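Here the structure is laid out as structure tokens; the discussion comes afterwards.
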Amino acid sequence: MLLAFKIDVEPVGKGRPRFTRDGHAYTPERTRKFEAAVRAHAYEFMRRMNAQRIPEGVPIDVRVVALFPIPKSWPKKKKAEATKLIPRIDVDNVLKAVLDAMNGVVFED
């Protein structure tokens, strides 16, 4: 079974946990918003497809295509070369944020 859906938000890598003065950990706001958008799209997709969560222990193949916008602050010359550039973001962290958001919605951890 193939489950594929598109999320029209800018990819964000999973941010490191932050800590309050009294030691409580929390996820950075950008990460929380991105994961919430992914989770909402995944939930809606699963609902529309009337699909059940993939049970624990079943192998899955996850593919993520992350498209990054060209920053508006870049000069024209740099924008023209943008298709050759790789964004300065750790793709492992983008995948981790997507997988964390889909956990419990698309598959069981």
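The values are calculated or read from the model by the stated rules, or taken from the named source; none is laboratory data. Given the structure is predicted, the values throughout are model-derived calculations rather than measurements. Positions of Cβ are backbone-derived with ideal geometry, glycine not excepted, and every protein chain shown enters the neighbour counts. Only protein heavy atoms, including side chains, enter the accessible area calculation; ligands, DNA and RNA are left aside. Shrake-Rupley method; radii C 1.70, N 1.55, O 1.52, S 1.80 Å.
Condition check ((1) among the β-branched types (V, I, T); (2) over 30 Å from L2 (Cβ atoms); (3) loosely packed, with under 10 Cβ neighbours inside 10 Å) across all residues:
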| residue | (1), (2), (3) |
| --- | --- |
| G15 | no, yes, no |
| D22 | no, yes, yes |
| P75 | no, yes, yes |
| F107 | no, no, no |
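Kindly establish whether V9 is within 13 Å of V98 (Cα to Cα) and assigned to a loop (DSSP other than H, G, I, E, B). Even if it seems obvious, please write down each step before you answer.
Numbers: within 13 Å of V98 (Cα to Cα): yes; assigned to a loop (DSSP other than H, G, I, E, B): yes.
The answer is yes for V9.
Name the pairs whose Cβ atoms lie under 6 Å apart, with the first residue in region 1-24 and under 15 Å from L95 (Cβ atoms), the second part of a loop (DSSP other than H, G, I, E, B) and modelled with pLDDT under 90, and 6 or more positions between them or separate chains?
From region 1-24, the pairs are P11/A66; G13/I89; G13/D90.
Answer with yes or no whether V98 is in contact with an Asp or Glu (Cβ under 9 Å, 6 or more places away or on another chain), in a loop (DSSP other than H, G, I, E, B) and either hydrophobic (A, V, I, L, M, F, W, C) or farther than 14 Å from P11 by Cα (or both).
On the way: in contact with an Asp or Glu (Cβ under 9 Å, 6 or more places away or on another chain): yes; in a loop (DSSP other than H, G, I, E, B): no; either hydrophobic (A, V, I, L, M, F, W, C) or farther than 14 Å from P11 by Cα (or both): yes.
Judged against the criteria, V98 is not a match.
Taking the options A36, A40, A51, name whichever one is open to solvent by less than 80 Å² (accessible area, probe 1.4 Å) and either among the hydroxyl-bearing types (S, T, Y) or at pLDDT below 90 (or both).
Criteria check complete, one pass: A51.
Quick one: is R30 modelled with pLDDT of 90 or more, touching a strand residue (DSSP E or B) at 6+ places or on another chain (Cβ under 8 Å) and open to solvent by 60 Å² or more (accessible area, probe 1.4 Å)?
On the way: modelled with pLDDT of 90 or more: yes; touching a strand residue (DSSP E or B) at 6+ places or on another chain (Cβ under 8 Å): no; open to solvent by 60 Å² or more (accessible area, probe 1.4 Å): yes.
For R30, the condition - modelled with pLDDT of 90 or more, touching a strand residue (DSSP E or B) at 6+ places or on another chain (Cβ under 8 Å) and open to solvent by 60 Å² or more (accessible area, probe 1.4 Å) - is not met.
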